[in-house]
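Engineer: Below is a structure I'd like to ask you about.
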Amino acid sequence: MSATATDSFVHLPSDSNQALGIAKYAIAFCKGELGDGPSASVLKRCELFHTDSVFCGLSALALGTNAPTLLRAEALEYPANGNEKGACVFGDSARVKPEKAIVANSSAVREWDSNGTNFGYNKERGFTAGEFGHNDFYPVCVAACQELGLDGATALRAMVCHDEIRGRLAEVFSLKTYKIDHVVHGAIASAAVYGALHAVAGKPVTEEQIEGAIGMSVSHYIPWRAIRAGKQLSDSKGASAAISTEAAVLSMKRAMKGFLGPRDIFRNPEAIFRYFEPTTQGAQRWTEQAPAPFDLYLSHSGDDFAVMGMHFKLGLYEHQSAGALQGIINLVSAHPELREGPGKIAKITIDAYEPAFGIIGNPMKKDPKTRQSADHSMAYIVSTLFRKAIESGDLDTSGGAHDGVWTGLMLEPYDYKEDETAIFHPVARAMMEKIEFRHGGPDYDAKYPDGIPTSLTIETTDGKTYDSGFIMYPAGHARNTTADLETILDHKFRLLGALAVKDAQSAIDQLSNLADKSADEMQTLYAFDILDRGGFE
C-alpha cells in the first residue's frame, strides 16, 4: 500500500516502503508543497527550541567543555573546498565541510543535556512507545542552508520537519527497549532533511537517494546504549547525537554521488525494526514483503506537530527529575521554614516511575564524580536545588508554577563543576545522604510518558512531614498550563548567554524571527564572539 495524504498529515502504512515515504514527505514539506503548512504556534515553538539549543551550545564552548571544543577544532581542520561552499561552526566565519560543522555544533548544543526532550507519546493515536529524543539536530538545517544559500524560513520549516520525523518515530518504536541509543531516530531524520534541502535548492536529488541514505544510516551506524552505561559517563554520552548525525549526512552525500544504500529499510528483516519486533513468525519472519512493526503519521499542516509535545528543560538537569524539582519548588515556596538549613531536614523521599528510577535512581548515582554523572543523578540534582534554596535570600514565589523560584534557583553549568563548589559541595553531599528514591510502582509507570509522575515528601528533624502531592506536568512540560514558559526561558537564555557572549540581548535578537532572515543573514546566524571562560573542566 502506498502513502496517503490528508489535509493535515501523511500516512505511511506498515506495508508500504516507509523509508521512501519519509523521503517524499521531507522533500514536499521542505518545499512547502503539502497543505497549508505548520501554524504560527508550531513555528514559534520550534524557534524557541532552536534558540534554547544555541545558548546551551555557546555556553558549553565558552566554558571549554571537552567534546564540543575538540570537535569544533577538528571541524576547522576540514575546510570546504572545490564546489562545496561549506558551513560555519559556532563563533567562526571559516567555511568547513557541512558534516563537520554539524558534528561540532550538535555536540555543543547537547553537551549540557539541557535542551529539549521528546517522550514518544501520542495518546490520541495510541502510539506510546515512549522513546526519548532531544532537539540536538537543528545544526543540520542551518548548515545545509548555509551551504546551499537558503533563507531562514526554509531553515525553520526544515527544523519542524526534522522534529516531526524523529518525534513520530519515537512514538512508534522504542530503541531503548533493545539497548539502542535514541539518536537513531534523529539520524534518520537528518539524512532525510539534509537531502530534502538539497532538493529545495534545485540540486539533482532523488527520493530514492534519500531512501538509500536512510538505509545506510540504519544498517551501518547503530549506536548502543553502552555509551550511557557505567558509574561515570564519558564524552560519548553527550556527543552521540552529533556523531550519528555526522554519519547520516555523510551517507546522504555519498548517496547523492551515486552510492546505493539498502532500500526499504523499515521492512528489511535483518534491520533493527523487524529484527527486534518481528511482524511474522517462523520462516516467514525473513521475507522482505512482511510489514514494518508500525504505521507512521507525519503532519504537514496545522497545530498537531510532534514539536508541540516536546518539553523544555528549565535549567540543567535530566528531564526525568523535573517532577521532583517541581515538588521541591512547591514545598520551599509554601513553607519557607524548610530553607533554614540542612540540619532542618531529616529525610527526603521521592517516588517516581520507570525508567526514571532505573536511569537516575541507580544507587551508584548517589556518588557522582563527573558532571556527566551528576546530571543523571536524581539525588544530586534535587540536593543541589535544595542547597541553592537554603543559600538564597528571599524568593519570588509568584507565578502559576512558582515561576520566580524556577528562575531564582535555576540550575546552571557551574552547579555541576567538579569541585567543592558544586559536585563535592559538603551541603549537597550531606543532603544526598538524606534522599531515598523509590520506584512508585504500576500506578506511576502507567502515567508515563503522558507526564512525569512524581511525588515527594520532606521529613524535618522536629517531626513534621511536608508532602508535595502527586505531580504530573511540571513547568517546562508540554502539558503544563500554569507556568509562564516564555518568561522562564528568557531567563535561561540570559543566564547561559551571560556565560557565552558579552551581550545576551543582542544574541537573543540575532536568533529571533528566524523566518524573516534572508539567505545572507543565515550565513552569519552563528557568528557570535564567544567568550573564553576556561577552566571548567
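The values are calculated or read from the model by the stated rules, or taken from the named source; none is laboratory data. All values reported here derive from a predicted model rather than from experimental measurement. Cβ: placed from backbone, ideal geometry, glycine included. Neighbour counts: every protein chain shown.
Engineer: Return the only residue of Thr128, Thr154, Thr177, Thr117 being touching a residue at least 12 places away in the same chain (Cβ under 8 Å), polar (S, T, N, Q) and closer than 19 Å to Lys85 by Cβ.
Structural biologist: Working: Thr128 fails: closer than 19 Å to Lys85 by Cβ; Thr177 fails: closer than 19 Å to Lys85 by Cβ; Thr117 fails: closer than 19 Å to Lys85 by Cβ.
Just one listed residue meets the conditions, Thr154.
Engineer: In the range 417-435, is there at least one residue being part of a helix (DSSP H, G or I), without any contact (Cβ under 8 Å) to a residue 24 or more places away in the chain and surrounded by fewer than 17 Cβ atoms within 10 Å (Cβ to Cβ)?
Structural biologist: yes
Engineer: Could I ask something else about it? Consider the range 489-537. How many of its residues are assigned to a helix (DSSP H, G or I) and of a type in the set (S, T, N, Q)?
Structural biologist: Of the residues in the range 489-537, 4 are assigned to a helix (DSSP H, G or I) and of a type in the set (S, T, N, Q).
Engineer: Which condition number does His198 fail, the rest of (1) over 24 Å from Leu496 (Cβ atoms); (2) in contact (Cβ under 8 Å) with a residue 60 or more places away in the chain being met?
Structural biologist: Looking at each condition in turn, His198 falls short on (2).
Engineer: Name the residue, out of Ser8, Ser16, that is surrounded by 16 or more Cβ atoms within 10 Å (Cβ to Cβ) and free of Cβ contacts under 8 Å to residues at least 60 places away in the same chain. Walk me through how you get there before you give the answer.
Structural biologist: Details: Ser8 fails: free of Cβ contacts under 8 Å to residues at least 60 places away in the same chain.
None of the other options fit; the residue is Ser16.
Engineer: Next up: Hey, Glu486 hits all of (1) assigned to a helix (DSSP H, G or I); (2) surrounded by 19 or more Cβ atoms within 10 Å (Cβ to Cβ) but one; which does it fall short on?
Structural biologist: The number of the failed condition is (2).
Engineer: Could you list, in sequence order, all residues of the range 182-207 that are in a loop (DSSP other than H, G, I, E, B) and crowded, with 24+ Cβ neighbours inside 10 Å? Break it down into steps so the answer makes sense when it comes.
Structural biologist: At the first step, the residues of the range 182-207 found to be in a loop (DSSP other than H, G, I, E, B) are 182, 201-206.
Across the range 182-207, the qualifying residue is only His182.
Engineer: Read through the list (1) of a type outside the set (Lys, Arg); (2) touching a Cys at 6+ places or on another chain (Cβ under 9 Å); (3) farther than 23 Å from Leu34 by Cβ, then give the number of the only condition that Tyr221 fails.
Structural biologist: (2)
Engineer: Would you confirm whether or not the range 450-459 contains a residue that is outside any strand (DSSP E or B), small (Gly, Ala, Ser) and either surrounded by 13 or more Cβ atoms within 10 Å (Cβ to Cβ) or modelled with pLDDT of 95 or more (or both)? Can you show your working first?
Structural biologist: Of the residues in the range 450-459, the ones outside any strand (DSSP E or B) are 450-453.
Filter once more, keeping what is small (Gly, Ala, Ser): 451.
So of that shortlist, the ones also either surrounded by 13 or more Cβ atoms within 10 Å (Cβ to Cβ) or modelled with pLDDT of 95 or more (or both) come out as 451.
Yes; the residues of the range 450-459 include at least one that is outside any strand (DSSP E or B), small (Gly, Ala, Ser) and either surrounded by 13 or more Cβ atoms within 10 Å (Cβ to Cβ) or modelled with pLDDT of 95 or more (or both).
Engineer: Can you tell me how many residues in the range 92-127 are more than 22 Å from the chain's Cα centre (by Cα), surrounded by fewer than 24 Cβ atoms within 10 Å (Cβ to Cβ) and not charged (D, E, K, R)? Before you say what the answer is, go through the steps one by one.
Structural biologist: In the first step, residues of the range 92-127 are kept if they are more than 22 Å from the chain's Cα centre (by Cα); the result is 92-97, 124-126.
Then drop every residue that is not surrounded by fewer than 24 Cβ atoms within 10 Å (Cβ to Cβ), which leaves 92-95, 97, 124-126.
Checking the rest, the ones that are also not charged (D, E, K, R) come to 93-94, 126.
Summing the residues that are more than 22 Å from the chain's Cα centre (by Cα), surrounded by fewer than 24 Cβ atoms within 10 Å (Cβ to Cβ) and not charged (D, E, K, R) in the range 92-127 gives 3.
Engineer: Among the residues of the range 305-317, are any in contact with a strand residue (DSSP E or B) (Cβ under 9 Å, 6 or more places away or on another chain) and more than 30 Å from Pro442 (Cβ to Cβ)? Spell out the reasoning first.
Structural biologist: Step one: of the range 305-317, the residues in contact with a strand residue (DSSP E or B) (Cβ under 9 Å, 6 or more places away or on another chain) are 305-307, 309-313.
Then drop every residue that is not more than 30 Å from Pro442 (Cβ to Cβ), which leaves 305, 307.
Yes, because at least one residue in the range 305-317 is in contact with a strand residue (DSSP E or B) (Cβ under 9 Å, 6 or more places away or on another chain) and more than 30 Å from Pro442 (Cβ to Cβ).
Engineer: Now a separate question. Give the residues of the range 363-400 that are acidic (Asp, Glu) and in a loop (DSSP other than H, G, I, E, B), sorted by residue number. Talk me through it step by step, then tell me what you get.
Structural biologist: Kept after step one, since they are acidic (Asp, Glu), are these residues of the range 363-400: 367, 375, 391, 394, 396.
Residues satisfying the conditions are Asp367, Asp375, Asp394, Asp396.
Engineer: For the range 81-91, give me each residue that is in contact with an Asp or Glu (Cβ under 8 Å, 6 or more places away or on another chain) and surrounded by fewer than 24 Cβ atoms within 10 Å (Cβ to Cβ). Spell out how you get there, then give the answer.
Structural biologist: Here is the first cut: in the range 81-91, the ones in contact with an Asp or Glu (Cβ under 8 Å, 6 or more places away or on another chain) are 84-87, 91.
Correct list: Glu84, Lys85, Gly86, Gly91.
Engineer: I'm trying to understand the selection: among the residues of the range 255-289, which are surrounded by 18 or more Cβ atoms within 10 Å (Cβ to Cβ), hydrophobic (A, V, I, L, M, F, W, C) and part of a loop (DSSP other than H, G, I, E, B)?
Structural biologist: Hit for the range 255-289 is Ala271, nothing else.
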